[in-house]
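Enquirer: Sharing a structure here in structure tokens format.
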Amino acid sequence: MPDTIHACRKCLTAAALLVLLAPAAPALPQEAPRAEGPPPYRVGGEVTRPEILISKPPVYTELARRARVTGTVIVEAVIDEQGNVTQTRVLKGLPMGLDRAAVNAVQAWKFKPATLQGRPVPVYYVLTVNFHIDDSLFGCGPAFLKFLGQNAEFTAHLRGKRYQEAAQVLDRLATERPAEPAIPLARTFLLLEQGQLQDAWQEALNDRGPERYEGLCSVGAFALQAGGKGLDAEGRAERAEVIALGLKAETAAMAVRADGPEAILYKSLLLRTKAKLTLDPGERQALKEEADRLLKQSTDLQKARGTLDAHQER
């Protein structure tokens with residue numbers, strides 16, 4: 001396989017642009033009045049709109065970040081007399097836990113309360129949370145991000161595309177810290193950044209350390225990025241070969257961690273791309289059905305993980 005396949009260096013640090021919409025439309029049903037105090041008003045007339053004082057950006061779920069899900073979550077909330085966000089209700093959502101991420105974010109916002117004749121009053125108000133992806137290294141998982149944060153010299157060389165110098169840093173670290181489990185993972189990413197997908201696959205496959213799962217997942221992610229570019233007849237066979245390698249990587253990752261939603265998600269997306277490259281209608285349909293099954297499995301695992309995390313926090 002040629003080494004000229006360059007994986008896109010996009011999308012990893014999760015960030016979000018937060019924007020306030022107009023007040024909720026009158027047609028929206030009002031929720032039941034609260035046990036204490038007046039029921040919420042609608043903004044308009046003598047009822048002023050609340051003003052944002054403190055906002056908190058939402059945090060991408062790992063699954064949504066890896067799947068590069070972007071878009072807008074719209075939340076109707078009550079802003080009470082103290083300017084707190086209460087009684088949230090999602091009007092328009094996004095998958096893979098981003099609904100909850102948006103609600104968690106807006107519940108930490110603080111407002112200057114709405115007023116009626118100069119007196120603070122609770123109001124219904126519609127908030128939007130826009131999820132987008134900032135530029136960074138594509139395909140990074142938590143272990144590699146931690147490694148980057150702890151090894152500034154390597155990170156500087158990698159971001160500066162000084163690959164030979166970055167490799168020399170890894171060689172030195174391997175001598176100084178031979179038990180460091182993230183070094184093979186860093187070598188995998190370094191090869192991926194240079195478009196050496198086959199070599200990265202072998203590096204991840206040979207890794208027997210605790211970060212093997214993340215390395216294999218990342219190979220599949222880069223294969224997806226490289227193999228999904230363009231679907232015309234020219235180069236179809238080469239792209240199909242790249243997708244096949246990515247599927248091998250994600251299958252190996254699933255063998256390492258059967259309940260890992262990331263590998264299952266990437267395999268689903270790779271199967272969808274393979275379906276687009278497939279000329280046989282029956283095979284194409286079968287690939288799409290398998291991709292849908294895996295996507296549901298990945299989403300269910302992520303939901304279960306989120307439920308467990310929430311239970312442990314209590």
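FYI, it's all coordinate maths here, none of it is from the lab. Predicted model only: the values in this text are computed from it and were never measured. Neighbour counts run over all protein chains shown; Cβ positions are idealised from the backbone, glycine included.
Enquirer: Where does the charge balance sit around residue 49 when Lys and Arg score +1, Asp and Glu -1, over other residues with C-beta under 13 Å from its C-beta?
Expert: The answer is 0.
Enquirer: How large is ³J(HN,Hα) for each residue in the range 300-305, as worked out from phi by the Karplus curve 6.51 cos²θ - 1.76 cosθ + 1.60 (θ = phi - 60°), to whole Hz, x for Gly and Pro?
Expert: 5, 5, 5, 4, 5, 5
Enquirer: List the extent of the Cα atoms of the range 167-273 along each of their three principal axes, largest first, rounded to whole Å.
Expert: Reported extents, whole Å, longest axis first: 49, 31, 15.
Enquirer: Another one. My understanding is that a pair violates if its Cα-Cα distance is over 23 Å; which of 92/296; 274/296; 146/296 do that in this structure?
Expert: The pairs that break the limit, which is 23 Å between Cα atoms, are 146/296.
Enquirer: Now a separate question. Relative contact order (percent) for the range 142-313, with alpha-carbon contacts under 8 angstrom and 6 or more residues of separation?
Expert: 15 percent
Enquirer: Tell me which residues come under 5 Å, amide H to amide H, from residue 121 once H is placed; ignore anything under 5 positions away on its chain.
Expert: Result for residue 121 returns 114, 115, 116.
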